[in-house]
Amino acid sequence: MRENAGTSPPPVTESLDTRTTGRPLTVADVLALPVLATGQPQVVAGAAHLDRLVRWVHITELTDPASFLKGGELVLTTGMPLPDDAAGVRRYVDELTDVGAAALVIELVRRYHRPPEPLVQACRTRGLPLITLGKDVNFLEVTQVVHALILGNQADAMRRTQRIHEAFSALTLRGAGAEDVVRSAAEMSGRTVVLENLVHQALICEPSGTTVEDALTDWERRSRMTPSRDHSAALGPEAWLVVPVEYQGERWGRVVMLPAPPGAGFGPEDITVLERTAMALTIARLTHPTPWERTAHRSALRDLAEQRHHSPEDARARFVALGLPTEDSRFLAVLVAGYTGEGAESEGWLSRELRTAGVPALVGELAPARLGALLVLRPSQSWRPTVERLARNLLDQTPGACPETCAGWNGSGPGR
């Protein structure tokens, strides 16, 4: 542990590694810093845990340093305080591990020139990373550089969090709808975000780095395996980040962020994004009269009519996630032109007619006086009687309205 002999340490900025800025610092990051790399660090135990976060650096020559730690510290020592007996060394390592120290760095210059075997074994047993330094290192410079990085990253994180809050506040002030809110969440986080209702239908999906098909395939089953909490949490077999959307005790659904890649964890900023998404969705629900389900049906049908889906598989996954059955079934698109009622009234009437006929369907307004419907029929079920019955009832309601059948899909892809 070389002391400063009347000379000032180099400016902190000269020792910072730009690869470590803007994110939490790990043990591996610290070992790669030039200020520590000059000591020729060697990992002799706990190599699988170098991804532990470093909250602070602590220089100690005490026999009981754990009493001064709070967890997450990189402990630097010359080895002078280590007990001579193996039992004492194990106790020393146990105390560091129990308090949550990130790693132990020992300088092999003064007392030791090779790591004591009891220390190596104890660190291996407890999974505590043990790093040896073969050359003299100025511990004070190490603390200066690492602390500057940690504090700088914390300041960066605070600024990013502030920008997240400002972005969602702007969305709310301009009256953004649910689709805009979910799209912004996906863009901010770089992860796929999905809004679902209480029956596990995926109403809005904004994929990031994946496809709608990958995100929504088998959605209902996967969603039902993922429990809900009253607060944000990573839950279920796929570790989805889930936040409920509710107001005054009434829950309307939940917003989900999918890990990318699968199994990856979420950081504090991801949680902030999803929590603010849930708040913005609550406000959007209160200020926009159209139910989420109705908006979702309209959006899906308009994308289909204008061929905005990326592939038939994407469209199929989206329809299934909205609750349409697909086993032993085929899709049929119907366009109703010339209907003069209000959009919501028209959609409601057509939905009721199809339910009465026992035909699962999505119904949505495509444009003024133009309704779209995607019907699900059994393979043996003829589309003509259903459409003719719909046309008769429609003409009774609005003379001049005209249902038209369009291209449909079977269970495996496009067809007539």
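For the reader, a short list of remarks on this structure follows.
- Residue that is least open to solvent (accessible area, probe 1.4 Å), among those in segment 155-178 that are modelled with pLDDT of 90 or more and β-branched (Val, Ile, Thr): ILE164
- Residue in segment 79-101 that is β-branched (Val, Ile, Thr) and over 33 Å from the mean Cα position of the chain (by Cα) present: yes
- Segment 279-291, subset open to solvent by less than 20 Å² (accessible area, probe 1.4 Å) and touching a residue at least 40 places away in the same chain (Cβ under 8 Å), residue farthest from ASN153 (Cα to Cα): ALA284
- Looking only at segment 341-385, and only at residues there that are under 18 Å from THR326 (Cβ atoms) and part of a helix (DSSP H, G or I), the one that is modelled with the highest pLDDT: LEU354
- Test for ASP230: is it touching a residue at least 12 places away in the same chain (Cβ under 8 Å), acidic (Asp, Glu), within 30 Å of ALA155 (Cα to Cα) and not in a helix (DSSP H, G or I): yes
- Criterion: over 30 Å from ILE283 (Cα atoms) and in a helix (DSSP H, G or I) - qualifying residue of HIS165, HIS147, HIS113: HIS147
- Matching residues, segment 39-81, being open to solvent by 70 Å² or more (accessible area, probe 1.4 Å), among the aliphatic types (A, V, I, L, M) and in a loop (DSSP other than H, G, I, E, B): LEU62, MET80
- Positions within segment 129-166 being in contact (Cβ under 8 Å) with a residue 40 or more places away in the chain and closer than 18 Å to ILE271 by Cα, in sequence order: ASN153, ASP156, ALA157, ARG160, THR161, ILE164, HIS165
- Among the criteria (1) of a type in the set (Asp, Glu); (2) modelled with pLDDT of 80 or more; (3) surrounded by fewer than 14 Cβ atoms within 10 Å (Cβ to Cβ), the one ASP396 does not fulfil is (2).
- Which listed residue, of ARG124, ARG90, is more than 30 Å from GLY152 (Cα to Cα), part of a helix (DSSP H, G or I) and without any contact (Cβ under 8 Å) to a residue 60 or more places away in the chain: ARG90
- Every pair of residues 6+ apart whose Cβ atoms lie under 7 Å, when the first sits in segment 363-388 and is of a type in the set (S, T, N, Q) while the second is modelled with pLDDT under 85: THR386/ALA357
- From the options ALA296, ALA300, ALA278, ALA317, residue that is part of a helix (DSSP H, G or I), modelled with pLDDT of 90 or more, over 27 Å from ALA167 (Cβ atoms) and within 30 Å of the chain's Cα centre (by Cα): ALA317
- Residue in segment 292-302 that is free of Cβ contacts under 8 Å to residues at least 60 places away in the same chain and either touching a Pro at 6+ places or on another chain (Cβ under 7 Å) or open to solvent by 70 Å² or more (accessible area, probe 1.4 Å) (or both) present: no
- All positions within segment 179-206 that are over 20 Å from GLU220 (Cα atoms), at pLDDT 95 or above and either in contact with a Cys (Cβ under 7 Å, 6 or more places away or on another chain) or open to solvent by less than 30 Å² (accessible area, probe 1.4 Å) (or both): VAL181, SER184, ALA185, ALA186
- Beta carbons closer than 9 Å, at least 6 apart along the sequence or on distinct chains, pair a first residue in segment 190-216 that is under 12 Å from ALA296 (Cβ atoms) with a second that is in a loop (DSSP other than H, G, I, E, B) and small (Gly, Ala, Ser) for GLN201/GLY323.
The values are calculated or read from the model by the stated rules, or taken from the named source; none is laboratory data. Note that the structure is a prediction, hence the values are computed from the model and not measured. So basically every Cβ, Gly included, is an ideal-geometry build from the backbone, and we count neighbours across all protein chains shown. Note: accessible area is taken over every heavy atom of the protein model, side chains too, but ligands, DNA and RNA are not part of it. Shrake-Rupley method; radii C 1.70, N 1.55, O 1.52, S 1.80 Å.
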